[in-house]
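The values are calculated or read from the model by the stated rules, or taken from the named source; none is laboratory data. What you see is a predicted model; the values in this text were computed from it and never measured. Cβ placement follows ideal geometry from the backbone for every residue including glycine, while neighbour counts extend to all protein chains displayed. Surface areas here come from the heavy atoms of the whole protein model, side chains and all, with no ligands, DNA or RNA. Shrake-Rupley method; radii C 1.70, N 1.55, O 1.52, S 1.80 Å.
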Amino acid sequence: MEKTALITGITGQDGSYLAEFLLRKGYRVHGIIRRSSSFNTSRLEHIYQDPHEPNPRLKLIYGDLNDASSLNRILRDLQPEEIYNLGAQSHVMVSFDVPEYTGEITGLGTVRLLEAIREAGIKPKFYQASSSELFGLAQEIPQNETTPFYPRSPYGCAKAYAFYMVRNYREAYSLFACNGILFNHESPRRGETFVSRKITRAATRIKLGLQDKLYLGNLEAKRDWGYAPDYVEAMWLMLQQDKPDDYVIATGETHSVREFVEHAFGLLGLNWKKHVEIDPRYIRPTEVDVLIGDFSKAKKDLGWKPKKKFEDLVRIMVEADLELAKKEAHMGAYLSRGQGASSRAHRRKSKERMADRGTARRME
Ligand code: NAP
Ligand code: GDD
(Lines give C-alpha, C1' and ligand atoms only; values in the text may rest on other atoms or scores of the structure.)
(Ligands and ions follow the chains in the order given, each with its own letter.)
Protein backbone atom coordinates (compact mmCIF):
# COMPACT_ATOMS: atom_id res chain seq x y z
CA MET A 1 0.00 0.00 0.00
CA GLU A 2 1.09 3.57 -0.69
CA LYS A 3 2.65 5.24 2.33
CA THR A 4 2.07 8.88 3.28
CA ALA A 5 4.97 11.04 4.41
CA LEU A 6 4.88 14.55 5.86
CA ILE A 7 7.89 16.85 5.46
CA THR A 8 8.42 20.09 7.35
CA GLY A 9 10.96 22.29 5.57
CA ILE A 10 10.00 20.87 2.17
CA THR A 11 10.94 24.16 0.43
CA GLY A 12 14.54 23.93 1.67
CA GLN A 13 17.54 22.18 0.12
CA ASP A 14 17.02 18.83 1.88
CA GLY A 15 13.21 18.98 1.76
CA SER A 16 13.22 19.24 -2.02
CA TYR A 17 15.62 16.29 -2.47
CA LEU A 18 13.74 14.21 0.08
CA ALA A 19 10.38 14.91 -1.62
CA GLU A 20 11.85 13.77 -4.96
CA PHE A 21 13.32 10.67 -3.33
CA LEU A 22 10.06 9.66 -1.61
CA LEU A 23 7.98 10.26 -4.74
CA ARG A 24 10.35 7.95 -6.62
CA LYS A 25 9.75 5.34 -3.90
CA GLY A 26 5.97 5.58 -4.50
CA TYR A 27 5.04 7.65 -1.42
CA ARG A 28 2.34 10.29 -1.21
CA VAL A 29 4.22 13.36 -0.02
CA HIS A 30 2.73 16.24 1.92
CA GLY A 31 4.86 19.26 2.71
CA ILE A 32 4.26 22.09 5.14
CA ILE A 33 5.00 25.50 3.67
CA ARG A 34 4.95 28.95 5.25
CA ARG A 35 3.07 31.84 3.82
CA SER A 36 5.56 34.19 2.20
CA SER A 37 5.13 37.49 0.37
CA SER A 38 7.32 36.14 -2.42
CA PHE A 39 7.44 32.62 -3.88
CA ASN A 40 9.41 30.19 -1.72
CA THR A 41 8.75 27.02 -3.74
CA SER A 42 11.37 27.40 -6.50
CA ARG A 43 13.20 24.20 -5.44
CA LEU A 44 9.97 22.23 -5.94
CA GLU A 45 8.90 23.58 -9.32
CA HIS A 46 10.02 20.51 -11.26
CA ILE A 47 7.95 18.12 -9.10
CA TYR A 48 5.00 20.41 -8.37
CA GLN A 49 1.62 18.90 -9.22
CA ASP A 50 -1.41 21.04 -9.87
CA PRO A 51 -3.89 20.39 -7.02
CA HIS A 52 -6.69 20.40 -9.63
CA GLU A 53 -5.25 17.28 -11.24
CA PRO A 54 -6.90 14.07 -10.04
CA ASN A 55 -5.05 12.44 -7.17
CA PRO A 56 -1.79 14.47 -6.98
CA ARG A 57 0.96 12.64 -5.07
CA LEU A 58 2.66 15.82 -3.87
CA LYS A 59 0.61 18.25 -1.80
CA LEU A 60 1.67 21.47 -0.10
CA ILE A 61 -0.17 22.63 3.02
CA TYR A 62 0.15 25.91 4.90
CA GLY A 63 1.44 25.60 8.43
CA ASP A 64 4.25 26.77 10.66
CA LEU A 65 6.44 25.20 13.34
CA ASN A 66 5.53 28.25 15.42
CA ASP A 67 1.82 27.47 15.20
CA ALA A 68 0.72 24.45 17.22
CA SER A 69 -2.88 24.54 16.02
CA SER A 70 -1.81 24.18 12.37
CA LEU A 71 0.42 21.21 13.27
CA ASN A 72 -2.36 19.55 15.30
CA ARG A 73 -4.86 19.96 12.46
CA ILE A 74 -2.46 18.66 9.80
CA LEU A 75 -1.53 15.55 11.77
CA ARG A 76 -5.13 14.80 12.74
CA ASP A 77 -6.30 15.07 9.12
CA LEU A 78 -3.34 13.41 7.41
CA GLN A 79 -2.25 10.68 9.85
CA PRO A 80 1.07 10.17 8.01
CA GLU A 81 3.11 6.99 8.42
CA GLU A 82 6.40 8.91 8.35
CA ILE A 83 7.26 12.44 9.45
CA TYR A 84 10.51 14.18 8.52
CA ASN A 85 11.13 17.29 10.60
CA LEU A 86 13.52 19.36 8.47
CA GLY A 87 12.03 22.80 9.14
CA ALA A 88 14.35 25.15 11.02
CA GLN A 89 15.97 28.56 11.17
CA SER A 90 19.06 26.77 9.90
CA HIS A 91 21.69 29.52 9.53
CA VAL A 92 24.27 29.45 12.32
CA MET A 93 25.47 33.07 11.94
CA VAL A 94 21.90 34.38 11.75
CA SER A 95 21.10 32.52 14.98
CA PHE A 96 23.36 34.95 16.85
CA ASP A 97 21.14 37.81 15.60
CA VAL A 98 17.82 36.04 16.30
CA PRO A 99 18.57 33.63 19.16
CA GLU A 100 15.07 33.68 20.61
CA TYR A 101 13.40 33.03 17.25
CA THR A 102 15.91 30.27 16.50
CA GLY A 103 15.06 28.59 19.81
CA GLU A 104 11.37 29.01 19.06
CA ILE A 105 11.47 27.30 15.64
CA THR A 106 14.52 25.03 15.69
CA GLY A 107 14.08 23.92 19.31
CA LEU A 108 10.47 24.34 20.47
CA GLY A 109 9.08 23.78 16.96
CA THR A 110 10.24 20.17 17.24
CA VAL A 111 8.38 19.75 20.53
CA ARG A 112 5.21 21.26 19.02
CA LEU A 113 5.38 18.62 16.31
CA LEU A 114 6.02 15.81 18.80
CA GLU A 115 3.10 16.98 20.92
CA ALA A 116 0.88 17.17 17.84
CA ILE A 117 1.65 13.48 17.28
CA ARG A 118 0.44 12.71 20.81
CA GLU A 119 -2.63 14.92 20.40
CA ALA A 120 -3.58 13.13 17.19
CA GLY A 121 -3.14 9.74 18.89
CA ILE A 122 -1.03 8.41 16.01
CA LYS A 123 2.24 6.43 15.93
CA PRO A 124 4.18 7.61 12.88
CA LYS A 125 7.89 7.07 12.41
CA PHE A 126 9.66 10.38 13.10
CA TYR A 127 12.92 11.72 11.70
CA GLN A 128 14.61 14.70 13.36
CA ALA A 129 17.17 16.78 11.42
CA SER A 130 19.86 16.91 14.08
CA SER A 131 23.21 18.40 13.26
CA SER A 132 26.97 18.06 13.63
CA GLU A 133 26.74 21.58 15.14
CA LEU A 134 25.85 19.66 18.34
CA PHE A 135 29.54 18.71 18.60
CA GLY A 136 30.60 22.36 18.31
CA LEU A 137 33.88 22.65 20.20
CA ALA A 138 34.62 19.06 19.30
CA GLN A 139 35.69 16.91 22.24
CA GLU A 140 37.18 14.19 20.04
CA ILE A 141 38.18 13.58 16.44
CA PRO A 142 36.39 12.12 14.55
CA GLN A 143 32.94 12.60 16.10
CA ASN A 144 30.55 9.68 16.46
CA GLU A 145 27.25 8.98 18.24
CA THR A 146 28.93 8.87 21.67
CA THR A 147 30.99 12.06 21.35
CA PRO A 148 29.85 14.60 23.99
CA PHE A 149 27.98 17.66 22.72
CA TYR A 150 29.41 21.18 23.08
CA PRO A 151 27.24 23.48 20.94
CA ARG A 152 28.72 26.87 20.06
CA SER A 153 25.78 28.93 18.80
CA PRO A 154 22.11 29.59 19.56
CA TYR A 155 21.38 27.31 16.58
CA GLY A 156 23.51 24.51 18.06
CA CYS A 157 21.86 24.93 21.47
CA ALA A 158 18.37 24.83 19.94
CA LYS A 159 19.27 21.66 18.02
CA ALA A 160 20.63 20.12 21.25
CA TYR A 161 17.30 20.75 23.00
CA ALA A 162 15.42 19.21 20.08
CA PHE A 163 17.80 16.22 20.01
CA TYR A 164 17.17 15.37 23.66
CA MET A 165 13.42 15.92 23.37
CA VAL A 166 13.27 13.48 20.45
CA ARG A 167 15.19 10.93 22.48
CA ASN A 168 12.90 11.54 25.45
CA TYR A 169 9.73 11.00 23.39
CA ARG A 170 11.25 7.77 22.10
CA GLU A 171 11.83 6.53 25.65
CA ALA A 172 8.75 8.01 27.33
CA TYR A 173 6.09 7.22 24.69
CA SER A 174 7.75 4.44 22.66
CA LEU A 175 7.69 6.69 19.61
CA PHE A 176 9.74 5.44 16.65
CA ALA A 177 11.89 8.57 16.60
CA CYS A 178 15.40 8.92 15.14
CA ASN A 179 17.97 11.70 15.24
CA GLY A 180 20.06 11.94 12.09
CA ILE A 181 23.24 13.77 13.16
CA LEU A 182 24.08 15.06 9.72
CA PHE A 183 27.35 16.78 8.93
CA ASN A 184 27.35 19.64 6.39
CA HIS A 185 25.85 18.66 3.06
CA GLU A 186 25.64 20.85 0.03
CA SER A 187 24.38 20.90 -3.56
CA PRO A 188 23.45 23.30 -6.33
CA ARG A 189 20.23 23.88 -4.32
CA ARG A 190 22.11 25.06 -1.22
CA GLY A 191 20.99 28.48 0.10
CA GLU A 192 23.26 31.20 -1.29
CA THR A 193 24.46 32.48 2.09
CA PHE A 194 26.01 29.18 3.22
CA VAL A 195 29.71 29.28 2.53
CA SER A 196 29.91 26.52 -0.13
CA ARG A 197 27.27 28.09 -2.36
CA LYS A 198 28.47 31.61 -1.64
CA ILE A 199 31.87 30.52 -3.00
CA THR A 200 30.61 28.67 -6.10
CA ARG A 201 28.14 31.45 -6.98
CA ALA A 202 30.82 34.11 -6.64
CA ALA A 203 33.61 32.19 -8.42
CA THR A 204 31.42 31.47 -11.46
CA ARG A 205 30.11 35.05 -11.59
CA ILE A 206 33.69 36.34 -11.35
CA LYS A 207 34.65 34.01 -14.20
CA LEU A 208 32.01 35.64 -16.40
CA GLY A 209 32.83 39.19 -15.30
CA LEU A 210 29.57 39.64 -13.37
CA GLN A 211 31.37 40.48 -10.11
CA ASP A 212 34.93 40.96 -8.97
CA LYS A 213 35.15 40.32 -5.22
CA LEU A 214 34.09 37.65 -2.77
CA TYR A 215 34.01 38.66 0.90
CA LEU A 216 34.41 35.83 3.41
CA GLY A 217 35.05 35.32 7.12
CA ASN A 218 37.11 32.52 8.68
CA LEU A 219 38.97 30.56 5.98
CA GLU A 220 40.52 28.11 8.46
CA ALA A 221 37.31 26.46 9.70
CA LYS A 222 37.12 22.81 8.63
CA ARG A 223 33.99 20.94 7.68
CA ASP A 224 33.04 17.42 6.64
CA TRP A 225 31.18 18.30 3.44
CA GLY A 226 28.91 15.75 1.72
CA TYR A 227 26.38 15.77 -1.12
CA ALA A 228 22.77 16.45 -0.07
CA PRO A 229 21.03 13.79 -2.29
CA ASP A 230 23.17 11.08 -0.61
CA TYR A 231 22.10 12.34 2.82
CA VAL A 232 18.33 12.28 2.25
CA GLU A 233 18.60 8.57 1.47
CA ALA A 234 20.12 8.07 4.94
CA MET A 235 17.12 9.86 6.51
CA TRP A 236 14.74 7.41 4.86
CA LEU A 237 16.88 4.37 5.73
CA MET A 238 16.77 5.29 9.44
CA LEU A 239 12.96 5.02 9.38
CA GLN A 240 13.02 1.63 7.63
CA GLN A 241 14.85 -0.15 10.48
CA ASP A 242 13.27 -2.42 13.09
CA LYS A 243 14.30 -0.17 15.97
CA PRO A 244 14.67 3.62 16.22
CA ASP A 245 18.17 4.94 16.88
CA ASP A 246 20.47 7.95 16.31
CA TYR A 247 23.06 8.00 13.52
CA VAL A 248 26.00 10.13 12.37
CA ILE A 249 25.93 10.76 8.61
CA ALA A 250 29.17 12.12 7.18
CA THR A 251 31.93 11.49 4.62
CA GLY A 252 34.82 10.97 7.07
CA GLU A 253 36.88 13.68 5.32
CA THR A 254 37.47 17.24 6.46
CA HIS A 255 38.51 20.28 4.41
CA SER A 256 38.97 23.93 5.25
CA VAL A 257 36.98 26.80 3.76
CA ARG A 258 40.29 27.88 2.18
CA GLU A 259 40.57 24.50 0.39
CA PHE A 260 36.98 24.86 -0.85
CA VAL A 261 37.83 28.29 -2.26
CA GLU A 262 41.08 27.08 -3.85
CA HIS A 263 39.40 24.11 -5.46
CA ALA A 264 36.36 26.02 -6.78
CA PHE A 265 38.42 28.90 -8.23
CA GLY A 266 41.01 26.40 -9.52
CA LEU A 267 38.36 24.52 -11.53
CA LEU A 268 37.60 27.80 -13.30
CA GLY A 269 41.28 28.65 -13.89
CA LEU A 270 41.10 31.63 -11.52
CA ASN A 271 43.61 32.83 -8.93
CA TRP A 272 41.40 33.17 -5.81
CA LYS A 273 43.87 35.46 -4.05
CA LYS A 274 43.06 38.22 -6.54
CA HIS A 275 39.36 38.10 -5.68
CA VAL A 276 38.81 36.95 -2.09
CA GLU A 277 38.88 39.47 0.77
CA ILE A 278 38.28 38.89 4.45
CA ASP A 279 35.41 40.83 5.96
CA PRO A 280 35.38 40.61 9.79
CA ARG A 281 31.60 40.92 9.86
CA TYR A 282 31.44 37.26 8.78
CA ILE A 283 33.51 36.11 11.77
CA ARG A 284 31.26 34.39 14.33
CA PRO A 285 31.24 35.23 18.06
CA THR A 286 32.08 31.57 18.72
CA GLU A 287 33.30 29.31 15.93
CA VAL A 288 33.16 25.58 15.32
CA ASP A 289 36.74 24.99 14.20
CA VAL A 290 36.74 21.42 12.97
CA LEU A 291 34.12 18.80 12.19
CA ILE A 292 34.78 15.32 10.86
CA GLY A 293 32.31 12.48 11.24
CA ASP A 294 32.69 8.75 11.78
CA PHE A 295 29.75 7.16 9.95
CA SER A 296 30.64 3.52 10.73
CA LYS A 297 27.41 2.88 12.69
CA ALA A 298 25.31 4.02 9.71
CA LYS A 299 27.43 1.87 7.40
CA LYS A 300 26.94 -1.20 9.60
CA ASP A 301 23.23 -0.82 10.47
CA LEU A 302 21.84 1.03 7.45
CA GLY A 303 24.25 -0.12 4.76
CA TRP A 304 24.77 3.58 3.98
CA LYS A 305 27.90 5.27 2.71
CA PRO A 306 28.44 8.53 0.80
CA LYS A 307 28.56 8.21 -2.98
CA LYS A 308 30.15 11.62 -3.53
CA LYS A 309 32.96 13.30 -1.63
CA PHE A 310 34.61 16.74 -1.55
CA GLU A 311 36.07 17.03 -5.06
CA ASP A 312 32.95 15.70 -6.81
CA LEU A 313 30.80 17.99 -4.71
CA VAL A 314 32.75 21.14 -5.56
CA ARG A 315 32.78 20.24 -9.25
CA ILE A 316 29.01 19.57 -9.33
CA MET A 317 28.32 22.92 -7.65
CA VAL A 318 30.73 24.87 -9.86
CA GLU A 319 29.28 23.35 -13.04
CA ALA A 320 25.70 24.12 -12.01
CA ASP A 321 26.51 27.68 -10.94
CA LEU A 322 28.46 28.31 -14.14
CA GLU A 323 25.29 27.52 -16.10
CA LEU A 324 23.34 29.88 -13.86
CA ALA A 325 25.93 32.64 -14.31
CA LYS A 326 25.80 32.18 -18.10
CA LYS A 327 22.02 32.67 -17.99
CA GLU A 328 22.49 35.81 -15.87
CA ALA A 329 25.11 37.14 -18.29
CA HIS A 330 22.83 36.40 -21.23
CA MET A 331 19.88 38.09 -19.51
CA GLY A 332 22.06 41.10 -18.62
CA ALA A 333 23.15 41.50 -22.25
CA TYR A 334 19.54 41.17 -23.43
CA LEU A 335 18.30 43.75 -20.96
CA SER A 336 21.03 46.26 -21.74
CA ARG A 337 19.99 46.08 -25.42
CA GLY A 338 16.25 46.38 -24.57
CA GLN A 339 14.48 49.73 -25.24
CA GLY A 340 10.84 49.08 -24.31
CA ALA A 341 9.02 49.90 -21.08
CA SER A 342 8.67 46.22 -20.18
CA SER A 343 12.40 45.62 -20.38
CA ARG A 344 13.00 48.78 -18.32
CA ALA A 345 10.64 47.40 -15.69
CA HIS A 346 12.41 44.05 -15.86
CA ARG A 347 15.78 45.77 -15.45
CA ARG A 348 14.51 47.63 -12.39
CA LYS A 349 13.18 44.40 -10.87
CA SER A 350 16.40 42.61 -11.53
CA LYS A 351 18.37 45.43 -9.85
CA GLU A 352 16.04 45.23 -6.84
CA ARG A 353 16.62 41.51 -6.60
CA MET A 354 20.37 42.02 -6.72
CA ALA A 355 20.11 44.66 -3.99
CA ASP A 356 18.15 42.23 -1.81
CA ARG A 357 20.72 39.55 -2.32
CA GLY A 358 23.46 42.03 -1.54
CA THR A 359 21.84 42.86 1.78
CA ALA A 360 21.61 39.19 2.72
CA ARG A 361 25.20 38.60 1.70
CA ARG A 362 26.43 41.55 3.74
CA MET A 363 24.70 40.18 6.81
CA GLU A 364 25.65 36.49 6.70
P1 NAP B 1 17.19 25.15 4.57
O2 NAP B 1 17.50 25.03 3.11
O3 NAP B 1 17.55 26.38 5.30
O4 NAP B 1 15.61 24.86 4.74
C5 NAP B 1 14.97 25.13 5.95
C6 NAP B 1 13.49 24.85 5.76
O7 NAP B 1 12.81 25.14 6.98
C8 NAP B 1 12.84 25.72 4.68
O9 NAP B 1 11.90 24.94 3.98
C10 NAP B 1 12.13 26.78 5.50
O11 NAP B 1 11.02 27.37 4.86
C12 NAP B 1 11.66 25.93 6.68
N13 NAP B 1 11.27 26.73 7.82
C14 NAP B 1 11.92 27.77 8.39
N15 NAP B 1 11.20 28.29 9.40
C16 NAP B 1 10.06 27.55 9.47
C17 NAP B 1 8.90 27.62 10.29
N18 NAP B 1 8.76 28.56 11.22
N19 NAP B 1 7.91 26.72 10.09
C20 NAP B 1 8.02 25.77 9.10
N21 NAP B 1 9.09 25.68 8.29
C22 NAP B 1 10.09 26.56 8.47
O23 NAP B 1 17.87 23.92 5.36
P24 NAP B 1 18.45 22.53 4.82
O25 NAP B 1 19.89 22.74 4.49
O26 NAP B 1 17.53 21.97 3.81
O27 NAP B 1 18.43 21.68 6.15
C28 NAP B 1 17.27 20.93 6.52
C29 NAP B 1 17.32 20.65 8.01
O30 NAP B 1 18.51 19.92 8.33
C31 NAP B 1 17.36 21.89 8.89
O32 NAP B 1 16.66 21.56 10.08
C33 NAP B 1 18.82 22.07 9.22
O34 NAP B 1 18.98 22.76 10.43
C35 NAP B 1 19.27 20.63 9.31
N36 NAP B 1 20.66 20.35 8.97
C37 NAP B 1 21.19 20.77 7.79
C38 NAP B 1 22.48 20.44 7.46
C39 NAP B 1 23.09 20.89 6.15
O40 NAP B 1 24.33 20.85 6.04
N41 NAP B 1 22.30 21.27 5.15
C42 NAP B 1 23.26 19.66 8.33
C43 NAP B 1 22.69 19.22 9.53
C44 NAP B 1 21.37 19.55 9.83
P45 NAP B 1 11.18 28.70 3.92
O46 NAP B 1 11.63 28.18 2.58
O47 NAP B 1 9.82 29.27 3.93
O48 NAP B 1 12.22 29.57 4.57
N1 GDD C 1 28.03 31.38 5.86
C2 GDD C 1 29.31 31.78 5.79
N3 GDD C 1 29.60 32.93 5.11
N4 GDD C 1 30.27 31.04 6.40
C5 GDD C 1 31.54 31.45 6.29
C6 GDD C 1 31.91 32.62 5.59
C7 GDD C 1 30.88 33.39 4.98
O8 GDD C 1 31.13 34.41 4.36
N9 GDD C 1 33.26 32.74 5.64
C10 GDD C 1 33.72 31.71 6.35
N11 GDD C 1 32.69 30.93 6.76
C12 GDD C 1 32.81 29.73 7.60
C13 GDD C 1 31.91 29.75 8.84
O14 GDD C 1 32.51 30.57 9.86
C15 GDD C 1 31.87 28.26 9.18
O16 GDD C 1 32.99 27.91 9.94
C17 GDD C 1 31.98 27.58 7.81
O18 GDD C 1 32.38 28.59 6.88
C19 GDD C 1 30.68 26.95 7.33
O20 GDD C 1 29.64 27.92 7.42
P21 GDD C 1 28.19 27.64 6.79
O22 GDD C 1 28.32 27.25 5.37
O23 GDD C 1 27.34 28.83 7.13
O24 GDD C 1 27.69 26.33 7.54
P25 GDD C 1 27.72 25.91 9.09
O26 GDD C 1 28.75 24.82 9.21
O27 GDD C 1 27.82 27.06 9.99
O28 GDD C 1 26.26 25.31 9.28
C29 GDD C 1 25.68 24.42 8.30
O30 GDD C 1 26.01 23.08 8.63
C31 GDD C 1 25.47 22.61 9.88
C32 GDD C 1 25.95 21.16 10.07
O33 GDD C 1 27.23 21.17 10.63
C34 GDD C 1 24.18 24.66 8.29
O35 GDD C 1 23.62 23.95 7.21
C36 GDD C 1 23.52 24.16 9.58
O37 GDD C 1 22.09 24.23 9.43
C38 GDD C 1 23.94 22.70 9.79
O39 GDD C 1 23.37 22.18 10.98
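Report the net charge of residues surrounding Y27, where surrounding means a beta-carbon distance below 14 angstrom and charges are Lys +1, Arg +1, Asp -1, Glu -1. That sum, taken over residues with Cβ under 14 Å, equals +2.
Taking only protein heavy atoms and a 1.4 Å probe, what accessible area per residue, in Å², does the stretch 139-297 have with all protein chains in place? Mind dumping the intermediate values first?
Details: 6280 Å² over 159 residues.
Per residue, the stretch 139-297 has an accessible area of 39 Å².
Charging the Cβ of each Asp and Glu at -1 and of each Lys and Arg at +1, and nothing else, the dipole of the chain about its Cα centre rounds to 1280 debye. With a ≥ b ≥ c the root eigenvalues of the C-alpha gyration tensor of the chain, is it rounded (a/c under 1.5), prolate (a/b larger than b/c) or oblate? Cα axes put the chain in the oblate bin. Across the options V288, I206, Y62, the greatest Cα extent toward the positive end of the charge dipole of the chain (unit charges at beta carbon of Lys, Arg, Asp, Glu) belongs to I206. Think of it as helices only: each DSSP H run of n ≥ 4 in the chain is worth -39500 (n - 2.57), and spread over all residues that comes to -14000 deg cm²/dmol at 222 nm.
For the stretch 39-102, rounded, prolate or oblate, judged on the Cα gyration tensor with a ≥ b ≥ c (square roots of eigenvalues), a/c < 1.5 rounded, else prolate if a/b > b/c? Note, shape of the stretch 39-102 comes out oblate. Solvent-accessible area assigned to carbon and sulfur over the stretch 168-232 amounts to 45 percent, based on a 1.4 Å probe. Placing +1 on each Lys and Arg Cβ and -1 on each Asp and Glu Cβ, with no other charges, gives the stretch 59-182 a dipole about its Cα centre of roughly 280 debye. Find how many whole Å separate the alpha carbon centroid of the stretch 1-71 from the alpha carbon centroid of the stretch 281-332. Each part's Cα centre sits 24 Å from the other's.
Comparing S95, Y48, A138 along the charge dipole axis of the chain, the residue lying farthest to the positive side is Y48, per the Cβ-charge model. Helix 341-363 and the longest principal axis of the C-alpha atoms of the chain enclose an angle of approximately 60°.
I need the peptides 14-27, 165-178 ranked by packing, meaning the mean over residues of other C-beta atoms within 10 angstrom, with the highest value on top.
Details: 14-27: 20.1, 165-178: 17.6.
Taking the mean over residues of other Cβ atoms within 10 Å, the ranking is 14-27, 165-178.
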